[in-house]
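Below is one structure, written out as structure tokens, with a few remarks after it.
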Amino acid sequence: ITTDQQLKAALLEFIAYRETTRKVDPVQEAILAIVGRTVGIDFFPTPQSLAERMARMARIKVGMLVLEPSAGTGTLADAAKAAGAMVHVIEIGSELQNILTLKGHTLVGTDFDEYDSHQEYDAILMNPPFLNRTDARHIQKAYSHLKSGGHLVAIASESLFFNRDKCALAFCE
């Protein structure tokens with residue numbers, strides 16, 4: 001290319017080529033569709049770096065069965081799956097369920113409060129809703145689904161460890 005006109009022509013050809021080869025990622029498209037909107041119940045996504053750290057803390061290995069009971073967009077489930085686990089997810093929000101399905105996760109329930117399975121898990125990763133101490137209730141319920149010797153790693157409200165109300169005291173016990 002030796003002239004401005006040749007450069008413009010090459011750029012136009014490149015732009016046309018790039019636009020025809022760009023593929024839409026259905027997961028990214030679904031995630032972008034929920035940006036700025038209220039979805040699920042008390043939904044705050046877990047950063048990927050924290051999800052990966054939690055998976056390491058839970059000592060997740062190939063072949064383990066892992067539960068994420070308030071899965072959101074599945075960042076914790078993604079980290080467990082990347083470590084080689086089979087992952088079950090539960091999520092109440094239909095748009096979030098769609099994202100989980102697009103990612104290939106196994107949806108085993110839609111409301112953890114109503115989850116009535118005798119399934120036990122090698123590990124549980126969770127970032128439960130915090131509103132009205134739901135985190136305490138969900139963590140305690142998740143613990144009942146943990147195999148002996150399993151690991152539960154959860155994000156919890158700091159208030160559970162410092163408040164002296166009945167719920168916080170029962171949780172700490």
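Below 8 Å between Cα atoms, with a sequence gap of 6+, how large is the relative contact order for the chain in percent?
Computed value for the chain: 19 percent relative contact order.
How much of the accessible area of the chain, in percent, comes from carbon and sulfur atoms when a 1.4 Å probe is used?
Result for the chain: 55 percent of the exposed heavy-atom area is carbon or sulfur.
Taking loop as defined by DSSP and a crowding limit of 13 other beta carbons within 10 Å, which trypsin sites (Lys or Arg not before Pro) in segment 76-173 fit?
On the way: sites: LYS81, LYS103, ARG133, ARG137, LYS141, LYS147, ARG164, LYS166; in loops: LYS103, ARG164.
Here the trypsin sites (Lys or Arg not before Pro) that fit, given the DSSP loop and packing criteria, are ARG164.
What spacing in nm lies between the two simple spin-label points modelled at ARG53 and ILE1, each 7 Å away from Cα in the Cβ direction?
Label at ARG53, label at ILE1, 4.5 nm between them.
Which loop-located GluC sites (Glu not before Pro) does segment 70-120 contain, where loop means any DSSP state but H, G, I, E or B and the Cβ has at most 15 other Cβ atoms within 10 Å?
GLU120
Per 0.36 nm of contour for each residue apart, how much would the distance between ASN163 and GLU120 grow if the chain were fully extended, relative to their Cα-Cα spacing?
Roughly 12.4 nm would be gained on extension.
Is there a quick way to get the dipole size of the chain? I mean about its Cα centre, with the Cβ of Lys and Arg at +1 and of Asp and Glu at -1; what is the value in debye to the nearest 20? Walk me through the numbers before you get to the answer.
Working: 17 positive and 21 negative charges, 89 e Å.
Charge dipole, the chain, about its Cα centre: 420 debye, nearest 20.
Under a point spin-label approximation (7 Å from Cα along Cα-to-Cβ), what is the THR110-LEU146 distance to one decimal in nm?
Those two pseudo-labels are separated by 2.9 nm.
For ALA10 paired with VAL62, estimate the spin-label separation in nm (one decimal), with each label point 7 Å from Cα along the Cα-to-Cβ line.
Each label point lies 7 Å from its Cα, and together they span 4.7 nm.
For the chain, modelled as a GNM with alpha-carbon contacts under 10 angstrom, which of ASP122, ASP111, ASP78 fluctuates the most?
Of ASP122, ASP111, ASP78, the most mobile in the Gaussian network model is ASP111.
For segment 66-172, with the dipole built from +1 on Lys and Arg beta-carbon atoms and -1 on Asp and Glu ones, taken about the Cα centre, which of GLY149, ALA123, GLY104 lies farthest toward the positive end?
The Cα lying farthest towards the positive end belongs to GLY149.
In what order, largest first, do ILE15, ILE155 sit by accessible area if the probe radius is 1.4 Å?
Result, largest first: ILE15, ILE155.
Skip the ligands, DNA and RNA, and give the accessible area per residue of the chain with a 1.4 Å probe, whole Å².
Here the per-residue accessible area is 62 Å².
The values are calculated or read from the model by the stated rules, or taken from the named source; none is laboratory data. This is a predicted model, so every value here is computed, not measured. Here the Cβ is made from the backbone with ideal geometry for all residues, glycine too, and neighbour counts use every protein chain on show. Accessible surface areas use protein heavy atoms only, side chains included; no ligands, DNA or RNA. Shrake-Rupley method; radii C 1.70, N 1.55, O 1.52, S 1.80 Å.
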